[in-house]
Each structure stands twice: as structure tokens, then as C-alpha cells.
Amino acid sequence: MGISNHYSSNVDNNGPSDQIPLKVLGVGSSMRKDSFGTETLKIVLKKVDEYGAQTQLLNLFDNPLPIYSPDNDFNTSAINHATKMVNWADAFVFATPDYHGSMAGSLKNFLDYFWSEFAGKTFGYLCSSHEKGLTVMDQMRTAIRQCYGWSLPYGVSINSSTDFDKRRQIINKQLVKRIDIFARDLVVYGTLINSQFKKDLNSTIENSYAVRYRK
Ligand SMILES: Cc1cc2nc3c(=O)[nH]c(=O)nc-3n(C[C@H](O)[C@H](O)[C@H](O)COP(=O)(O)O)c2cc1C
């Protein structure tokens, strides 16, 4: 699979050429400074960027959110920053460690702040786990389905004890390939979904879930 620097330069590989670049937000949720998950998320975002999307990173380690409460004063700089990033994005990559077969509390707490912002957007998942993290990804998928977001049907799983060398470089070739496929699919399918959702939002049709998100 080739990588093009510009989204419009390879129609077969990358989809329609008349699209504006997809905006992809990576959300890192490990509270470990040297998180393998967040480090791999940066590699994924670089790949996503090579497929022509725009990318930004919201690292919850650097931008921790207070525990959500409906009674919160939402006007804090961390919440404002996260909200700005979420509203900017057309698609997301969530990275989380596997904690008890589930996502990290920091990621669930982040999700609790948002709902309608996720509708019509595309989501991909990355899990740092010793057990593939399939139940973790399922739980992220369930939360996003509840918010009318679209999830890629597969994700990226990393295992810090086998996929990296001592210098923390990826040594698993299958993982490198999977990241490439994941990044490509996120950009291609994310662009299609984003484009259709925006069309439906801006039209007068009544027979789409998009109707309830019209402002
Ligand atoms: C509270 C807690 C629960 C964990 N539960 C699991 C688990 O159920 N399965 C697993 O494979 N790893 C589990 N782990 C290990 C982490 O998922 C693992 O260290 C992960 O790679 C850390 O990712 P990071 O480097 O991105 O922080 C757990 C770790 C903690 C602290």
C-alpha cells in the first residue's frame, strides 16, 4: 500500500479528490508520562497526516479534566481546551491502556463531557494491553454508538513487552502494517461519513438520524 502526501493525489487509494482534509483528533488517556499508548498514538497521527488529514493531539496527561459532574463549572481552561479540540474534529483516535478489560477512567471521564459532538463522526481505537484489548475496544465502541458516532470495525492493539525494543522502537512488523491500514481506513471512511453527515445536516431531508443534530 503506497502512501501519498496529499489526499487528492491518489484517487484509488485515498477516495474522492474533491474533499477538504479530514480533521482527526487523537486523544491520549494514559496518565503515565512514558505511555506506550500515547507514543503509538503519535505514530498513528503521523500516518494519518501522511494520508492527507489534518491532525491534533489532546493528551489528557497534559490536559487533565476534573471528574465530570453536571454541576461542574465548565469554564476551566482544561475543559475549554478539550471542548475546542472536540468541536474542531471530524474524526477521532482514542488511545487507552487496558485497565481491568476496560478503558482508563480518564478516557471515560473525557467521554462524559460530550455527547452530540460525537454524532456523525468516525472513531478508531488504540489499546495498550497484554491481552489484545478487545473488550476495551468494545466498550469504547459501545459508548460511541450511544452518541451516534461511527466506529471502525477493528482497532490497533499494542503490547509493550513484545512490540517494542529497549529504545522503545516498534519491532513488530505486523503492527507497523496494521497502523498503516488503520490510518488509511480512518481517513478514507472518515471522509466519506463526514461528507455525507454534513450534507444531511445542511439539507432539508427528514429521513436521517442527522436531522436531530441540525442547529
Ligand atoms: C489498574 C490497572 C489495571 C490493569 N488491567 C489490565 C488488564 O486487565 N489487562 C491487561 O492486559 N493489562 C492491564 N493493566 C496493564 C496496562 O494495561 C499496561 O501496563 C499498559 O500497557 C499501560 O499502557 P501505557 O504505557 O499506555 O500507560 C492494568 C494496569 C493497571 C494500572
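Values in this text are rule-based calculations from the coordinates and carry no lab data. Computed from a predicted model, the values in this text were never measured in an experiment. Every residue, glycine as well, gets a Cβ built from its backbone with ideal geometry; the counts of neighbours run over all protein chains shown.
How do 158-170, 27-39 rank on mean C-beta neighbours within 10 Å, highest first?
27-39, 158-170
Return the percentage of antiparallel bridges among DSSP beta bridges fully within the chain, rounded to the nearest 5 %.
Here the share of antiparallel DSSP bridges comes out near 10 percent.
Along the Cα→Cβ direction, 7 angstrom out, place labels at TRP88 and ARG145. What is the inter-label distance in nm?
3.1
Hey, rough spin-label estimate for TYR113 and GLN174, points 7 angstrom out along Cα→Cβ, what's it come to in nanometres?
Here the modelled spin labels are 3.6 nm apart.
Based on DSSP H runs of at least 4 residues, each adding -39500 (n - 2.57), what is the mean residue ellipticity at 222 nm of the chain after dividing by all its residues, to the nearest 500 deg cm²/dmol? Kindly include the intermediate steps, with their values, before the conclusion.
Working: 6 runs with 82 residues, N = 215.
The helix-only estimate for the chain comes to -12000 deg cm²/dmol at 222 nm.
Please list, in chain and number order, the residues 5+ apart from VAL156 or on another chain whose amide H is under 5 Å from its amide H, with Hs placed from the backbone.
For VAL156, whose amide H was placed from the backbone, the distant partners under 5 Å are TYR125, LEU126, CYS127.
Could you calculate the contour length gain from SER208 to MET31, that is, 0.36 nm times the residue separation minus the distance between their Cα atoms, to one decimal place in nm?
Stretched out fully, the SER208 to MET31 stretch lengthens by 59.8 nm.
Which FRET efficiency, nearest 0.05, do ASN75 and ARG167 yield, Cβ-Cβ r, R0 35 Å? Mind dumping the intermediate values first?
On the way: r = 43 Å, r/R0 = 1.22.
Step by step, r from the Cβ atoms, then E = 0.25.
Count the lysine pairs in segment 20-213 that are 8 or more places apart or on different chains: how many have C-alpha atoms under 13 angstrom apart?
Details: LYS23/LYS46; LYS23/LYS84; LYS23/LYS121; LYS47/LYS177; LYS121/LYS198.
Counting lysine pairs in segment 20-213 gives 5.
List every DSSP H helix in the chain whose Cα atoms extend 20 Å or more along the helix's own long axis and whose mean Kyte-Doolittle hydropathy is at least -0.5.
The qualifying helices are 36-50, 173-202.
Rounded to the nearest 20 debye, what is the charge dipole size of segment 20-213 about its Cα centre when +1 sits on each Lys and Arg Cβ and -1 on each Asp and Glu Cβ? Before the final figure, lay out each step's value.
Working: 22 positive and 19 negative charges, 105 e Å.
That gives a dipole near 500 debye.
Distance between Cα centroids, segment 37-68 to segment 124-147: provide it in whole Å.
Using only Cα atoms to place each centre, the spacing works out to 16 Å.
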